[in-house]
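Notes for the one structure printed next.
The values are calculated or read from the model by the stated rules, or taken from the named source; none is laboratory data. Treat the numbers as computed from the prediction; the structure is a model and nothing was measured. Cβ placement follows ideal geometry from the backbone for every residue including glycine, while neighbour counts extend to all protein chains displayed. Surface areas here come from the heavy atoms of the whole protein model, side chains and all, with no ligands, DNA or RNA. Shrake-Rupley method; radii C 1.70, N 1.55, O 1.52, S 1.80 Å.
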Amino acid sequence: MRAFVPIVIGVGALLSASATGPIVFEEIAERSGLTFVSDSSPTPNKNQPETMVAGVALFDYDNDGYLDVYLVNGAAIPSLRKESPKYWNRLYHNNHDGTFTDVTEKAGVAGEGYGMGVAIGDYDNDGWPDIYVVNTGKNQLFHNNRNGTFTDVTDKAGVGGGMLDGKKMWSVSAAWVDYNNDGLLDLFVSNYCKWEVNKDPFCGPKPELRAYCHPNNYPNLPNTLYRNNGDGTFTDVSAETGIAKYYGKGMGVAIADYDGDGFMDIFVANDNRPNFLFHNLGGKKFEEVALESGVAYTQSGSAVSGMGADFRDVDNDGRPDIWHTAVENESFPLYLNRGDGQFWERTLQAHLQGTRDMSGWGNGIFDFDNDGWKDLFVARGNVLDNVAQFSNRHYEEPNAVFRNLGNGKFQDVSAEAGPDFQKAAAHRGVAFGDVDNDGRMDAVVAVLNGKVKYFHNISKNANHWSLLKLIGKRSNRMAVGAQIRITGEDGAKQYNQVTTAVGYACASDSRVHFGLGASKTIREIDIKWPSRIHQVLHNVAADRILTIEEPAQ
C-alpha cells in the first residue's frame, strides 16, 4: 500500500496520457475483514423489494483520513423489521493497514427497517458526515456524534419519508444537494412504486413457481424533496418546488449543474418510465425537462429499465453528461451534453452497444487508470432469479469496465481486469473511492444475498493523480455542488464536481479524483464554490491528497 500523503491547500498534475497498462482489480473483501452478507429475505411470494437491496457508502465517518464502509441490508418478511443481527446494516472502520473492523453495534447504525439505499452528507455543517438510510418503510437519519457513534434523529428532523394516501412511500435512493445555495444540504429522495408486503400480483408462470412482476404491474410514485431549515429540521417542499407533480418509478439519482447557471439540477433514472431531469430554477422551483432535453427516452423512443445513474463530464468539454444502466436488450444509454440545454444519445457512437447484452444496477464515471479520461464501471446482475429457466440469459453476471479512449469512444476491457473481475454474481449497488489512499479508485460492490466484494484497483502505469478534499465555509461544509476545472502542463483541461450521489442507491467518496496522465504538476485549479466564490490555485505537485478550504470571499 502506498503512503498516505495529506497536504493542505494544493493540487496535483495532469492530462497528457502516458503509456497506460490495463485496468486491473483484485477482490479482497474477505481478507480485508469486510465480511458482510446481504439478506433480502427471499420468499415464494416474490415480494418486489427482494431483488433490489443495494446500498453501499464509502465515507470517512471519523475524519481520520481513510474511507470507511457502510452497507445496507434487508429485513425479515413479512414484518419488514431487522429481527436478528443477520439483517443489520453494517459499518466497517478502516484500520489504515488494508483491514476493516465491524463497529456497527458501537456506532448504533444497525438500522430498523427493510433497507434499500444510503446517502451521505453533512447536514448540520459540523464537519462530520451523517448517514441517511432509505427503506421500504420509514427512512432513517443518523447524526454523527463526532465520537464514533451516531444518533437516530429521524423524527426530530422530519425526514422519515414522503407520504401518499396516508402511507409512507417506498424509497430507493437519495441525494444530498444544496438546491437553493443557502449553505445547507437539502435532501432529495427517489420513490419507486406502491407496494405492500405479500400482496404482489401473480405474474406467472404457474402458482407453484411465481415470478417477480414487471414494474408496470405497480402504480407510480412522486419523489420527495426536503429543504434544510438550518436548525436540525427539514421541511417537505416537494409540492411547492414542483417535484411532486411528476410520477415515475425512481431508482438512481445524480446531481450536476448541467446548464452552468450555478444551481444544481437533479436526474432520476426511472424504471420502465421516462426519466426525469429536474431543472433548477434559481433555487426556488424545478421544471421537469427530460423530454425536451433528450434524456427521457433512448434514441429508439423507448423508456428503458433505468437503474443506476451518474452525471459527470466524460469527454472533457466542461459539460456534465449522463450515463445510466438498464437491463438486457436495452443497452446503457450515454447522453452527451451539447451545451445548449440539450443532450444527444451517443451510445452506439461511443461503442457501448455491447451493453445491450448486460443487465446493470450501480454504475459510476471515474478514471481508473489515471490517464486523464473518465472510464465507466457497472455492477451487473439480472433482475430475475429464474431468468435462466426461460432464456439463455444468466442471473449472475460479471461486472464490466469500459476504458475511455479519449476520442469519444469506449472499449470494454473487462476481460483484462484480472481473474477476480471475471466472477459472476448478483451484483447490485457499487460505491467508489480511493479506499487505501494510493491514488487509484477502488469499488465496493453489494451482492444480493451474497458476500460483499471489494475491488482493489491494482492497475500499474506511470500516470499521476490528485485527490481533492474541499471544505466549504460560506458554502455547505462538504462543498457538494462545487465545480472544479483543472488545467494541465500541456494546457489540457478536465472537469469534475463534488457529489456523493453516484449510481444506484449508493454514496461514493466526496473527495474529487483526477487522473493526471504524464503531468507532474497542475498548472491551474479553478473552483466555483456553491456560494459563487471563485478560487484559483497554481502550480501544485501531483500524487497527493489535497485539502482546499473555501476562502472568506
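Which is the longest run of the chain containing none of the GluC sites (Glu not before Pro) found in DSSP loop states (not H, G, I, E, B) with at most 12 other C-beta atoms within 10 Å? Let's see the in-between values first.
Numbers: sites that count: E83, E196, E208.
Free of exposed loop sites, the longest segment is 209-553.
Arrange the residues Y247, Y335 by how much accessible surface each exposes, largest first, with a 1.4 angstrom probe.
Largest accessible area first, the list is Y247, Y335.
If I model segment 128-221 as equal point scatterers sitting on the Cα atoms and use the Debye formula, what is log10 I(q)/I(0) at q = 0.10, 0.24 Å⁻¹?
Debye output, listed in q order: -0.39, -1.25.
When the Karplus curve 6.51 cos²θ - 1.76 cosθ + 1.60 is applied with θ = phi - 60°, which whole-Hz ³J(HN,Hα) does each residue of segment 81-98 get, with x for Gly and Pro?
Residue by residue, segment 81-98 yields 10, 7, 6, 8, x, 5, 9, 4, 5, 10, 10, 10, 8, 7, 8, 6, 10, x Hz.
Within segment 119-156, whose backbone N sits under 11 Å from a point 7 Å along Cα→Cβ of E105?
none
In nm, to one decimal, how far is the modelled label at N63 from the one at A552, with both set 7 Å along Cα→Cβ?
2.1 nm
Computed from the coordinates I sent, Kirkwood radius over Cα pairs in Å equals one of (i) 27.1; (ii) 22.8; (iii) 24.3. Tell me the label.
(ii)
Apply the Karplus parameterisation 6.51 cos²θ - 1.76 cosθ + 1.60, with θ equal to phi minus 60°, to every residue of segment 30-38 and state each ³J(HN,Hα) to the nearest whole Hz, in sequence, with x for glycine and proline.
5, 6, 8, x, 8, 9, 4, 10, 6
Would you compute the Debye intensity of segment 53-124 from its alpha-carbon atoms alone, equal scatterers and no solvent, and pass along log10 I(q)/I(0) at q = 0.23, 0.25, 0.27 Å⁻¹ to two decimals?
-1.03, -1.14, -1.24
Under a point-charge model restricted to the Cβ atoms of Lys and Arg (+1) and Asp and Glu (-1), what is the dipole moment magnitude of the chain relative to its Cα centre, in debye to the nearest 20?
Values: 51 positive and 70 negative charges, 142 e Å.
Taking the Cα centre of the chain as origin, the dipole is about 680 debye.
If I model a spin label at S302 and A415 as a point 7 Å from the Cα along the Cα→Cβ vector, what separation in nanometres do I get?
Each label point lies 7 Å from its Cα, and together they span 2.5 nm.
With +1 on the Cβ of every Lys and Arg and -1 on the Cβ of every Asp and Glu, and nothing else charged, how large is the dipole of segment 423-515 about its Cα centre, in debye rounded to the nearest 20?
That gives segment 423-515 a dipole magnitude of about 320 debye.
What is the dipole size for segment 101-230, taken about its Cα centre, with +1 at each Lys and Arg Cβ and -1 at each Asp and Glu Cβ, in debye to the nearest 20? Could the numbers behind the result be given before it?
Details: 11 positive and 16 negative charges, 116 e Å.
For this selection, approximately 560 debye.
Between their Cα atoms, which of K374/K469; K460/K520; K138/K528 are more than 25 Å away from each other?
Violating the 25 Å Cα-Cα cut-off are K138/K528.
Of H279, N229, S300, which is farthest on the positive side of the dipole of segment 225-301, counting Cα position, with +1 on Lys and Arg Cβ, -1 on Asp and Glu Cβ, and the Cα centre as origin?
Of the options given, the answer is S300.
Per residue, how many Å² of accessible area does the chain show with a 1.4 Å probe? Please report the intermediate quantities before stating the final value.
Working: 18600 Å² over 553 residues.
That works out to 34 Å² for each residue.
Starting from 0.36 nm per residue, how many nanometres of slack lie between L291 and D165 once their C-alpha separation is accounted for?
Numbers: separation 126, 0.36 × 126 = 45.36 nm, distance 2.82 nm.
Computed gain between L291 and D165 is 42.5 nm.
Which of the listed residues, V512, S41, M441, is farthest toward the dipole's positive end in the chain, when Lys, Arg count +1 and Asp, Glu count -1 at the beta-carbon?
S41
Tell me, what % of the accessible area of segment 102-176 is carbon and sulfur with a 1.4 angstrom probe?
Carbon plus sulfur share of accessible area: 47 percent.
Measure out, as a whole number of angstrom, how far apart the alpha-carbon centroids of segment 107-181 and segment 212-259 sit.
Each part reduced to its Cα centre gives a spacing of 14 Å.
Suppose we keep just the DSSP beta bridges with both residues in the chain; what percent of those would be antiparallel, to 5?
The antiparallel proportion sits near 90 percent.
Counting only protein heavy atoms and a 1.4 Å probe, tell me what percentage of segment 413-553's accessible area is made up of carbon and sulfur. Each step should come with its number before you reach the end.
Details: 2110 of 4360 Å².
For segment 413-553, the apolar C and S fraction of the accessible surface comes to 48 percent.
Taking the Cα-to-Cβ direction at H214 and at A239 and moving 7 Å from each Cα, how far apart do the two end points lie in nm?
So the label points at H214 and A239 sit 3.5 nm apart.
If you average 1/r over every pair of different alpha-carbon atoms in segment 413-524 and take one over that average, what Kirkwood value in Å do you get?
15.9 Å
Run the Debye formula on the Cα coordinates of segment 405-455, all scatterers equal and no solvent, and tell me log10 I(q)/I(0) at q = 0.29, 0.32 1/Å.
Listed by q, the Debye log ratios stand at -1.12, -1.14.
Per-residue HN-Hα couplings for segment 333-349, Karplus 6.51 cos²θ - 1.76 cosθ + 1.60 at θ = phi - 60°, whole Hz, x for Gly and Pro?
Coupling constants for segment 333-349: x, 10, 10, 8, 7, 7, x, 10, x, 10, 10, 10, 6, 10, 4, 5, 4 Hz.
In whole Å, what are the extents of segment 330-425 along the principal axes defined by its C-alpha atoms, from largest to smallest?
46, 30, 18
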